[in-house]
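Enquirer: First the structure, which I've put down as structure tokens, then a few questions once you've had a look.
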Amino acid sequence: MYRLFHVPLSPFCRKVRLVLAEKRIEVELVEERYWEKDGDFLRRNPAGKVPILRVDGNHLSESAAICEYLEELHPETALMPDTPEGRYEVRRLIGWFDDKFFHEVTSKLLYERVNKKMMGQGYPDSTAVKSGARAIKFHLDYMAWLLDQRRWLAGDHLTLADFTAAAHLSSLDYISDVDWRRSETVKDWYAKIKSRPAFRNILADQVPGFPPPSHYADLDF
């Protein structure tokens, strides 16, 4: 069995969890308080970040690399296209959400509202929260534009790009920071992903001190 060291609301960890579940790979989840810089944890990943996937005694880090590793090892439920152009577009969108969206939105909202309290780092910075709340509108509009032309974010099929975006949005939805009224197109896309069996464990997450809103696990939200 694989073992995944993770934090429940981390979008990078959620992305790996979604891929594991979609490919029906059994995994043991171990919550990791990475900010405490425990010696055993740092030996698993000197970068001091989650997720970390233990496979056959080896510890794999960096969510994008883990996901492509799993894709190569378990290709039967394909999450990457079979053309260079298709794989490029998936990787481009993964970069968009894990870099641009993360720094402009996720880090401003999730970190300020949740992570700071969990880590004992004080109160939310209202300027950062307002910045994230403004920025997410642009990203939702960009997603709507993509989905107006495609069935899924990167093309005609569900890919790792969709799981990457859904991982970020689900983390923010847990703290009610996604305005689903902004785009019916994006809401419908998220509803399709949310209803997949791979999403069940994500919707069952409970973070002590941070109860999710009533719509979080509702498939007909």
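Enquirer: What percentage of the solvent-accessible surface of the chain, computed with a 1.4 Å probe over protein heavy atoms, is contributed by carbon and sulfur atoms?
Expert: Numbers: 5420 of 11040 Å².
After summing per-atom areas, the C and S share lands at 49 percent.
Enquirer: Name the long-range amide H neighbours of Glu31: under 5 Å, sequence gap of 5 or more, or other chain; modelled H, no Pro or chain starts.
Expert: Amide H neighbours of Glu31, under 5 Å, 5+ apart: His6.
Enquirer: Which order do His157, His59, His6 take by accessible area at a 1.4 Å probe, largest first? Intermediate values should be presented prior to the final figure.
Expert: Details: His157 130, His59 70, His6 10 Å².
The most accessible residue leads, giving His157, His59, His6.
Enquirer: Let me ask another. How large is ³J(HN,Hα), in whole Hz, for each residue of the stretch 9-17 in order, when computed from phi with the Karplus curve 6.51 cos²θ - 1.76 cosθ + 1.60 and θ = phi - 60°, using x for Gly and Pro?
Expert: Using θ = phi - 60°, the values come out as 8, 5, x, 5, 5, 4, 4, 5, 4 Hz.
Enquirer: Rg and Dmax of the stretch 162-221, Cα atoms, in Å?
Expert: Just the Cα atoms of the stretch 162-221 yield Rg and Dmax of 10.8, 32 Å.
Enquirer: Run the dipole for the chain about the Cα centre, Lys and Arg Cβ at +1, Asp and Glu Cβ at -1, nothing else charged, and hand back the magnitude in debye, nearest 20.
Expert: In total the dipole reaches around 500 debye.
Enquirer: Another question about this same structure. Using label points projected 7 Å from each Cα along Cα→Cβ, tell me how many nm separate Lys137 and Arg150, to one decimal.
Expert: Distance between the two pseudo-spin positions: 2.6 nm.
Enquirer: OK, next. Quick one: if the Förster radius is 22 Å, what FRET efficiency do Lys37 and Lys117 give, using the C-beta to C-beta distance and rounding to 0.05?
Expert: Efficiency for this residue pair is about 0.75.
Enquirer: How high is the relative contact order of the stretch 135-194, in percent, counting Cα pairs under 8 Å that sit 6 or more residues apart?
Expert: Answer for the stretch 135-194 is 37 percent.
Enquirer: Determine the sum of side-chain charges near Asp99: Lys and Arg each +1, Asp and Glu each -1, restricted to other residues whose C-beta is under 12 angstrom from that of Asp99.
Expert: Net charge around Asp99: +1.
Enquirer: Go ahead and set up a Gaussian network model of the chain, Cα springs under 10 Å, then flag whichever of Gly155, Gly86, Gly57 fluctuates most.
Expert: The residue that fluctuates most here is Gly57.
Enquirer: Can you give me the Cα centroid spacing of the stretch 63-111 and the stretch 201-216 in angstrom?
Expert: Centre-to-centre (Cα) distance: 24 Å.
Enquirer: Keeping all protein chains in place, calculate the accessible area per residue for the chain (probe 1.4 angstrom), answer in Å². Working shown, then result.
Expert: Working: 11040 Å² over 221 residues.
Computed with neighbouring chains in place, this is 50 Å² per residue.
Enquirer: Determine the relative contact order of the chain: mean sequence separation of Cα pairs under 8 Å and six or more apart, normalised by residue count, in whole percent. Show your work: numbers first, answer last.
Expert: Working: 263 pairs, mean separation 47.4, N = 221.
Across the chain, relative contact order equals 21 percent.
Enquirer: Lysines near Lys187 by alpha-carbon distance under 26 Å, same-chain residues fewer than 8 away left out - which ones?
Expert: Within reach: Lys15, Lys23, Lys100, Lys108, Lys130, Lys137.
The values are calculated or read from the model by the stated rules, or taken from the named source; none is laboratory data. What you see is a predicted model; the values in this text were computed from it and never measured. In this analysis, Cβ positions are derived from the backbone assuming ideal geometry, glycine residues included, and neighbour counts consider all displayed protein chains. Ligands, DNA and RNA are excluded from the accessible area calculation, which covers all protein heavy atoms including side chains. Shrake-Rupley method; radii C 1.70, N 1.55, O 1.52, S 1.80 Å.
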